Each structure stands twice: as structure tokens, then as C-alpha cells.
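**Student:** Have a look at this one.
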Amino acid sequence: MLVQESIGTAVDAIKANKLRSILTTLAIIIGTAAVIAMVAMGSSAQQALNDSITDLGARTIYVYPSSSRQGATNTSKVPLDIKDAIALSKDGEIPWQIAPEIRGSKQVKFKSENASLQIVGSTPDFFSIRGYELDSGKTFTENDSLARKRVVVLGSKVANELKTSSRALLNNEILINNISFKVIGTIKEEGAGWGPNPDEQIYTPLYTASDRIFGRETIGSINVNFPVEYSTEEVMIAIERILRREHDIGPGEINNFSIRDWGQALDLQRQATSIFFALIIGIASISLLVGGIGVMNIMLVSVTERTREIGLRKALGATQNTILLQFIIEAITLCLIGGFIGVILGTSIYFLIAFLQEWPIVFPLTAIIGSVTFSAMVGLFFGIWPARRAAKLDPAISLRYE
């Protein structure tokens, strides 16, 4: 009963000074909102990254062109080309899947609509390596590539870019650099992840892209997917051996290509993300502590303003513990109100950004519970001194206070 009365008294005191109460809790609101928004965005970004890596396949390695070195100076990048991918495909040591990529932005037209979209040329294995599922139609074949057939598979959002529907595009012709291509299929929505959004890309056979669209045999990267019975290190060594031979790199010379393991990239990203968000949460926590100091100052002012009230309550039989509990609960209530407002603000900011960035939604329950609990602890810690000061007031002196 005493606690209920103290809560009621605290709410009445807060209502009596609404503007002051809002300004007092402002730092609490900002700190709580920042903690929740940043933790939730970090979780969503991490989930998007994990999903992207999973789509690529846990056993996928990427090969990129890199700079070579002569003496103490770096030379320009030595490009990869289709011959490098063929050499990897012909090696029988490891039964891997090879999917080279040649890509670039081109103007795409359908009827009166046009858009600048990214074109990706690769092999049929590209879709299974990346985990892309067919939504309608079919994918191209190796024979389509060898015959340089003008066929394409569309990402799920390409139709939106061309202001039409996927059904309207299927089995119809689109123009890429004013060359006609037949749409033979569309892939299911993958969502934005790490790198370019696959839903906004157009996929075509490797040799078609090389000869008919880009006019070059250099490629941007090579996807290498390998069976589970082989280790990542074993596969990377095999790739290095083949490409060093193809690029005529002698003993002791530095590779002019780089081999990247998605698992290693994910670990590095996790570490960087953890450090960044730990820093942000630390700064937000300081804001909560600053808010606690503000609450303590206002509570001291409140004690001074209500000196006669305290004296009257003591004269009517209120004990020191009763007065102590009243002001501690008032401080905690003030901080909790700020915490709850911060929760609403922080989650709203998070949902807005997650929606705009197309991140997976991860409800920040742990961050919400932690922030509200921390707010209550701030109120308890910074409310003790003003509450003790109020509890120790002499009722006789307090009644004469003007």
C-alpha cells in the first residue's frame, strides 16, 4: 500500500511540472533511443550479412584480380579472364563448381521505358552457387553460352525498374545496348545483402555477355564452390597453384590475384561491427548517466520546493523511510518514463531505417529490457541522495520554511 501511494504521489508531482519533467528526462530519452536503435540496427545488419554469406554458400571462395609487384613498387592490376576460369574448370583434382562473372551497367529498354541496370554474365552454375531460386521460366544452359544466344534471366525487381510486370516481360524481348534479348526466366526475390542487390540485376550467358554486350574477355571475379569433404585451405592452395601456372608467376614472385574466403570476411565484419557498436553503446550509456545527474539535480530542487509538504507529512506521522521511499520512487518513475519514451523513439527509428535499407527485422527485445532496466537503476542511484536529504529534514524547521 505504501508503494502504491508513493507511486501515485510521484506521478502527481511529475504531472504538476510537466515541462520540467520532460526536459529532465531528455537525456534519458536520447540515451535509451540511441542504445535501442544502434543495437537493433547492428543486429539487422549482421543478420543481412549472415544471410548474404549463407546465400553464397558456406563453401564458396572468391577469386579477384590484384596488383602485381616489381621490386619495391606495385604495378597496375592484372585482370582475370575467361581462360583462368576454364583452367580451373578443367582441373580434375577437386570436383568444384566454377562460375566466372563479367559485369557492368548498361542501358536496358522495354517498349518506351528504360533504366540503367547491372548486367551479369556467368555460367549456369552461378545460380546454384549463389543460392538463387527460379521463380518462373528457366535458366540458360552451357549450350546457350557456347552459341552466344541472346537470352537473359531477370532479378525480381527488374520489372519494376522498367515499370511493368515480370509476367509481361517473360518470353518477350528487351533491349540491352540496343541489342534484342529474350527473357527466358526470373529469379525469386533475394533481398539486398552484402554487395549489389541481386534483385536488380540481369543475368545472361558468359560468352553472350563477353562477345555481344561488353566486347571483352576480362572478368571481375570467379566463384569457386567446393564439396564439404575438402577444406578451405586445401581448395585455396589448389586455386593458387593453377592460377600461378596460368599467369606464369615464378617461384618467389607475388600473386597478381587474390583469393578470399567468405568465412574469414564474415569474421572480420563481425569483429568490426562489434567494436563499432560497443563504442556507440558506450557513448549512449554516458548520455544515460548525464541524464541521471539531471534527474538528481531536479530532485534536489523538488525537495527544496516541497520542504513544507515534507514537514507536514512528518508531523502527521510519516517516517524517514516513508519519505525516503517516496522520493526514490519519484526518481525511478521519472527515469522509467524517459526510458519508455526512448524505447518508442528508438524502435521507431530502427524500423524506419530497416524498412528503407530492406534489412531483416530483428526485434530488439534484449536491448529494450536492458535499456529500461538501466534507466530504472539510474533513477535509483541518482535518486538516493535527494531522497536521503528529504528524509532527514527536521519537521519543525520544515514547517517554518518559506
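The values are calculated or read from the model by the stated rules, or taken from the named source; none is laboratory data. Bear in mind that the values here come from a model prediction, so they are computed numbers and not experimental data. Here Cβ is always computed from backbone atoms with ideal geometry, including for glycine, and neighbour counts include all displayed protein chains.
**Student:** Can Phe127 be described as touching a residue at least 40 places away in the same chain (Cβ under 8 Å), closer than 30 Å to Gln357 by Cα and in contact with a Ser or Thr (Cβ under 9 Å, 6 or more places away or on another chain)?
**Tutor:** Spelling it out, Phe127 is indeed touching a residue at least 40 places away in the same chain (Cβ under 8 Å), closer than 30 Å to Gln357 by Cα and in contact with a Ser or Thr (Cβ under 9 Å, 6 or more places away or on another chain).
**Student:** Quick one: how many residues across the stretch 277-303 are within 16 Å of Leu23 (Cβ to Cβ) and among the aromatic types (Phe, Trp, Tyr)?
**Tutor:** Adding up the residues that qualify gives 0.
**Student:** Among the candidates Val362, Val290, Val303, Val378, single out the residue that is within 30 Å of Pro198 (Cβ to Cβ) and either modelled with pLDDT under 80 or of a type in the set (Val, Ile, Thr) (or both).
**Tutor:** The match here is Val362.
**Student:** How about the stretch 40-78: which of its residues are modelled with pLDDT of 80 or more and in contact with a Lys or Arg (Cβ under 9 Å, 6 or more places away or on another chain)?
**Tutor:** Answer for the stretch 40-78, where residues must be modelled with pLDDT of 80 or more and in contact with a Lys or Arg (Cβ under 9 Å, 6 or more places away or on another chain): Thr60, Ile61, Tyr62, Val63, Tyr64, Pro65, Ser66.
**Student:** Name the pairs whose Cβ atoms lie under 6 Å apart, with the first residue in the stretch 240-255 and outside the structural domain of Leu88 (by TED's automatic domain parsing), the second not charged (D, E, K, R) and not in a loop (DSSP other than H, G, I, E, B), and 6 or more positions between them or separate chains?
**Tutor:** Ile242/Ala87; Ile242/Leu88; Leu243/Phe257; Glu246/Ala87
**Student:** Right, here's the next one. Would you call Glu189 surrounded by fewer than 20 Cβ atoms within 10 Å (Cβ to Cβ), outside the structural domain of Ile361 (by TED's automatic domain parsing) and farther than 18 Å from Glu133 by Cα?
**Tutor:** No, not satisfied.
**Student:** Checking the conditions here, which among Ala159, Ala168 is in the same structural domain as Ile102 (by TED's automatic domain parsing), of a type in the set (A, V, I, L, M) and surrounded by fewer than 17 Cβ atoms within 10 Å (Cβ to Cβ)?
**Tutor:** Within the list Ala159, Ala168, the selection yields Ala168.
**Student:** For the stretch 255-268, enumerate the residues that are modelled with pLDDT under 75 and over 21 Å from the mean Cα position of the chain (by Cα).
**Tutor:** Listed by number, the list is empty, since nothing qualifies.
**Student:** From the set of residues in the stretch 165-206 that are charged (D, E, K, R) and in contact with a helix residue (DSSP H, G or I) (Cβ under 7 Å, 6 or more places away or on another chain), which is modelled with the highest pLDDT?
**Tutor:** Glu200
**Student:** Considering only the stretch 269-287, state which residues are at pLDDT below 75 and among the β-branched types (Val, Ile, Thr).
**Tutor:** Listed by number, the residues that qualify are Thr273, Ile280, Ile281, Ile283.
**Student:** Further question on the same structure: Which one of these is of a type in the set (A, V, I, L, M, F, W, C), surrounded by 17 or more Cβ atoms within 10 Å (Cβ to Cβ) and on the phi < 0 side of the Ramachandran plot: Val224, Val228?
**Tutor:** After applying the criteria, what remains is Val224.
**Student:** A further question on this structure: Which ranges mark the helices (runs of 4 or more DSSP H) fully within the stretch 135-176 that have 1 or more residues being over 33 Å from the mean Cα position of the chain (by Cα) and within 18 Å of Val120 (Cα to Cα)?
**Tutor:** Filter on the stretch 135-176 gives 142-146.
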